[in-house]
Amino acid sequence: MQHAKIPKVIIIGAGPGGLSLYHALINNKEKKEFDVKIFERDSGPEDRWQGYHISLNAPGIVSLLNCIPSSIALNLPKAIPNPIPDVEFHGISISDENGSILFRPPLKQLKELFEIEKATDNIAIISYRDRLRDVLIEGVPVRWGKKCIGYEETKEGIWVKFEDGSREFCDILVGADGINSPVRKQKLPELQTFNYGVTTVNANIPVPKRLMDRLIKVNGNSLIQETLGLKGDWTFTLFRLIPIEQESDDTNKNDSDELHYRLTLAYMYPKRLDESDNVKVDDNDPASVIEHVKEIIRKLRPESEMTDVLLGLWDLAPKTDSEKENFPFKTYLPIQRREMRDIDPLSINTWTSNRVTLLGDAAHAMNPIFGLGTNNAFQDADILSQALLNGSSEDLIPCIQKYENEMRIRSSADVLKSRKAALRQSTPIGSTKVEDT
Ligand SMILES: Cc1cc2nc3c(=O)[nH]c(=O)nc-3n(C[C@H](O)[C@H](O)[C@H](O)COP(=O)(O)OP(=O)(O)OC[C@H]3O[C@@H](n4cnc5c(N)ncnc54)[C@H](O)[C@@H]3O)c2cc1C
């Protein structure tokens, strides 16, 4: 008896999207067997700091649970701790530049306000990105230190090329390699990133209780907070109110006895403020980036308790390489200015489905305003794996096409919704209204 050929699948990128697809394909062997390999450019799991927070919503969590085996699901509480009743509000508050709340909708109204049809009762739960990566990576034989630089298509399949000169053969190649995906750049060179003209600077910081108390006093206990400036600048913070010291597996090296909390901080401002000749910032020197951010905050924001708290938060961002020792990081992610960008997968009509497909940010990077990026990546992994597991092994391209048709429509809506909201917030009060994009 002749056995059916086991399709070889290569996944590039061990982020949340690539890892959930790996689990979904490997754990359904009784349905269909795939020979799956996952390649990652980082040299190991602790190579790069993976970030403090991401928001997960109900559709994202449902898809994640569809992808992973129960042994991994049992570890999810490490990455997604339960909300603390009466202490944490897993929703958003939007305030003016003084911290006065403009709105803080009850959870059930959030989906209508933000037109997030897919969210069910709660918009999001704030989760730990670094620990989610740890949970998802357990037991996965990631090939580390393998930076993909492109691929070659033949009649039989795909040869994937790596920077170290090696190559690997597969029947299906999945680019889950993030916003700068070399797989996307080769498959769809015409699919360009959309640049907002907005600079974003992000930091992950442990915040001492005294400063956290001041932030909460001005701005409340919503775990996602935005403060809107009048001149097109805005802040975005994500945190949990679980002190770092209470967590047994945290590697926090703080010497003080004061409680600390994890906080993800972002400041967005018009890119033109970087373009004057007087601006001398070295993106390889975090201290100069942080000083620049603080200068802009002082210039654009009024003197107020909210502004003081913001400046205090930026003072906690690591400025030098040696300072990283004082932070609960495995590795250090230098603070740099970046232009806010996204990718709308429906912005081209030349997308052809073939043996090479894309997943997550590689296909549809979106700004973080509604926290939909990771949730879409999990949904992609769920839907692509279902299509491959349920389709004919003889011809997997119709399965990929089915996935891509759904993925492009779903994620494009979220990209554009997030873009419209971010551009609106980045428009100085009194300027021309941002038109629908
Ligand atoms: C280090 C990091 C920190 C982040 N922090 C946050 C955060 O705090 N909050 C938030 O909302 N979002 C954050 N994001 C983005 C968010 O996680 C993603 O939007 C989302 O999870 C989509 O996941 P993804 O798997 O599609 O892509 P990603 O999470 O970007 O993962 C892509 C993976 O592919 C690897 N890769 C890239 N190029 C190559 C290559 N050529 N060859 C091999 N491997 C490659 C990358 O190293 C990465 O591991 C972060 C992303 C990264 C990479």
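The values are calculated or read from the model by the stated rules, or taken from the named source; none is laboratory data. Keep in mind that this is a model prediction, so the values were computed, not measured. Glycine gets a Cβ as well: all are built from the backbone with ideal geometry, and neighbour counts include every protein chain shown.
Could you tell me which residue of the stretch 264-287 is nearest to the ligand (Cβ to nearest atom), considering only residues that are surrounded by fewer than 15 Cβ atoms within 10 Å (Cβ to Cβ) and among the polar types (S, T, N, Q)?
Out of the qualifying residues, it is Asn284.
Can you name the residue in the stretch 373-395 that is within 13 Å of the ligand (Cβ to nearest atom) and touching a Leu at 6+ places or on another chain (Cβ under 8 Å) and, of all such residues, is nearest to Ile409 (Cα to Cα)?
So the residue we want is Asp380.
Out of all the residues in the stretch 387-399, is one or more loosely packed, with under 15 Cβ neighbours inside 10 Å, modelled with pLDDT under 95, small (Gly, Ala, Ser) and out of contact with any strand residue (DSSP E or B) (no Cβ under 7 Å at 6 or more places or on another chain)?
Looking for residues that are loosely packed, with under 15 Cβ neighbours inside 10 Å, modelled with pLDDT under 95, small (Gly, Ala, Ser) and out of contact with any strand residue (DSSP E or B) (no Cβ under 7 Å at 6 or more places or on another chain), one finds at least one in the stretch 387-399, hence yes.
Answer yes if at least one residue in the stretch 405-420 is in a loop (DSSP other than H, G, I, E, B) and among the β-branched types (Val, Ile, Thr), and no otherwise.
Scanning the stretch 405-420 turns up no residue that is in a loop (DSSP other than H, G, I, E, B) and among the β-branched types (Val, Ile, Thr).
Being near the ligand (Cβ under 10 Å from one of its atoms) and not hydrophobic (A, V, I, L, M, F, W, C) is the filter; apply it to the stretch 162-183 and report the residue that is farthest from Arg338 (Cα to Cα).
Among those that are near the ligand (Cβ under 10 Å from one of its atoms) and not hydrophobic (A, V, I, L, M, F, W, C), it is Glu163.
Just checking, which of Asn219, Asn204 is crowded, with 23+ Cβ neighbours inside 10 Å, in contact (Cβ under 8 Å) with a residue 12 or more places away in the chain, closer than 29 Å to Asp257 by Cβ and over 24 Å from the mean Cα position of the chain (by Cα)?
Matching residue, one of Asn219, Asn204: Asn219.
Any idea which residue in the stretch 1-31 is modelled with the lowest pLDDT, counting only those that are surrounded by fewer than 16 Cβ atoms within 10 Å (Cβ to Cβ) and over 16 Å from Phe169 (Cα atoms)?
Met1
If Ser71 meets every condition in (1) closer than 23 Å to Asp382 by Cβ; (2) within 16 Å of the ligand (Cβ to nearest atom) apart from one, which number is that one?
(2)
The conditions are (1) more than 13 Å from the ligand (Cβ to nearest atom); (2) buried (at least 16 other Cβ atoms within 10 Å of the Cβ); (3) in a loop (DSSP other than H, G, I, E, B), and Glu190 fails exactly one of them. Which is it?
Condition not satisfied by Glu190: (2).
Is at least one residue of the stretch 321-341 at negative phi, at pLDDT below 90, more than 16 Å from the ligand (Cβ to nearest atom) and polar (S, T, N, Q)?
Yes, there is a match, as at least one residue in the stretch 321-341 is at negative phi, at pLDDT below 90, more than 16 Å from the ligand (Cβ to nearest atom) and polar (S, T, N, Q).
Being touching a residue at least 60 places away in the same chain (Cβ under 8 Å) and either more than 9 Å from the ligand (Cβ to nearest atom) or farther than 30 Å from Asp395 by Cα (or both) is the filter here; which residues of the stretch 359-372 pass it?
Asn367, Pro368, Ile369, Phe370, Gly371, Leu372
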